[in-house]
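Take a look at the structure below.
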Amino acid sequence: MNRFKHIFVVGVVSLITHSAIAQEGEDLFAVLETTTEAPELLSDQMLITQKLLWGERGLLRVAGIAKLNKDQREWELKLRRKLLVAHQVIGYVTLAGMIAQGIIGSQLYNGNYRLYETHENLGKAVTASYFTGAGLSLFSPPPLINKKVKGWSSMKAHKVLATVHLSAMIATNVLAEEDKKLHRAAAYTAFGSYAAAMIVLKF
């Protein structure tokens with residue numbers, strides 16, 4: 001029964017994340033475009049997490065921390081770029097940790113239980129870096145505009161894979177003590193989709 005509850009939670013999170021990620025149709029480093037008319041300060045499409053903080057009635061706007069004006073938005077776009085660069089750097093660190101975790105995990109499955117504590121501690125570190133990187137992307141200031149690209153693209157593939165590896169990462173942690181086989185399958189799914197999500201951006 002607990003397994004079904006966990007699967008249900010993962011499914012709900014996956015759907016929410018997919019709907020949020022699907023709205024972000026722009027390059028990683030969108031900047032202000034020069035136009036003959038005054039540009040809109042906010043895009044009409046934002047991630048749910050971005051709208052929560054940076055929307056017209058977002059928490060930072062209501063609290064007066066980030067007032068919505070041109071100078072503030074220019075600062076936010078610079079901050080966005082820095083956060084997304086950090087997101088990419090942490091992504092590579094996380095991928096390296098996943099590889100190391102996979103090697104140690106295979107040793108555990110072969111009966112080398114001396115590495116259990118190392119596996120557990122590394123797992124916590126990988127989880128922390130993964131969700132830190134995800135947070136930098138999800139909670140970064142929104143772009144000025146969203147560029148809509150017709151058809152399939154590397155960015156769209158990246159977002160679909162992001163939905164997969166986020167769900168798999170949640171499942172990996174939920175199933176760690178519940179079902180070793182499903183835990184292992186979820187971990188491999190997380191690693192495979194995470195690596196693929198990074199690779200597609202290179203093409």
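The values are calculated or read from the model by the stated rules, or taken from the named source; none is laboratory data. These figures come from a predicted structure and were not determined experimentally. We place every Cβ from the backbone using ideal geometry, glycine too, and count neighbours over all the protein chains shown.
Annotations
- Region 103-119 - residue that is loosely packed, with under 14 Cβ neighbours inside 10 Å and among the small types (Gly, Ala, Ser) and, of those, nearest to residue 50 (Cα to Cα): 106
- Within region 187-203, the set of residues being part of a helix (DSSP H, G or I) and over 16 Å from residue 97 (Cβ atoms) comprises 189, 196, 199, 200.
- For region 84-126, the set of residues classified as of a type in the set (S, T, N, Q) and either under 20 Å from residue 198 (Cα atoms) or outside any helix (DSSP H, G or I) (or both) consists of 88, 94, 101, 110, 112, listed by residue number.
- Subset of region 144-167 that is buried (at least 18 other Cβ atoms within 10 Å of the Cβ), farther than 14 Å from residue 95 by Cα and not β-branched (Val, Ile, Thr) - its residue that is modelled with the lowest pLDDT: 144
- Spans of helices (runs of 4 or more DSSP H) in region 1-81 with at least 1 residues modelled with pLDDT of 50 or more, among the aliphatic types (A, V, I, L, M) and more than 17 Å from the chain's Cα centre (by Cα): 59-62
- Residue 109 being modelled with pLDDT under 85, of a type in the set (Phe, Trp, Tyr) and touching a Lys or Arg at 6+ places or on another chain (Cβ under 8 Å): yes
- So residue 61, is it over 22 Å from residue 190 (Cα atoms), surrounded by 15 or more Cβ atoms within 10 Å (Cβ to Cβ) and out of contact with any Gly (no Cβ under 8 Å at 6 or more places or on another chain): no
- Residue in region 185-193 that is surrounded by fewer than 17 Cβ atoms within 10 Å (Cβ to Cβ), under 30 Å from residue 66 (Cβ atoms) and over 15 Å from the mean Cα position of the chain (by Cα) present: no
- Only listed residue being crowded, with 17+ Cβ neighbours inside 10 Å, on the phi < 0 side of the Ramachandran plot and under 15 Å from the mean Cα position of the chain (by Cα), chosen from 122, 175, 95: 95
- Any hit, region 123-146, residues being β-branched (Val, Ile, Thr), without any contact (Cβ under 8 Å) to a residue 40 or more places away in the chain and under 30 Å from residue 181 (Cβ atoms): yes
- Screening residue 104 with (1) touching a His at 6+ places or on another chain (Cβ under 8 Å); (2) within 17 Å of residue 131 (Cα to Cα) gives one miss only, at (2).
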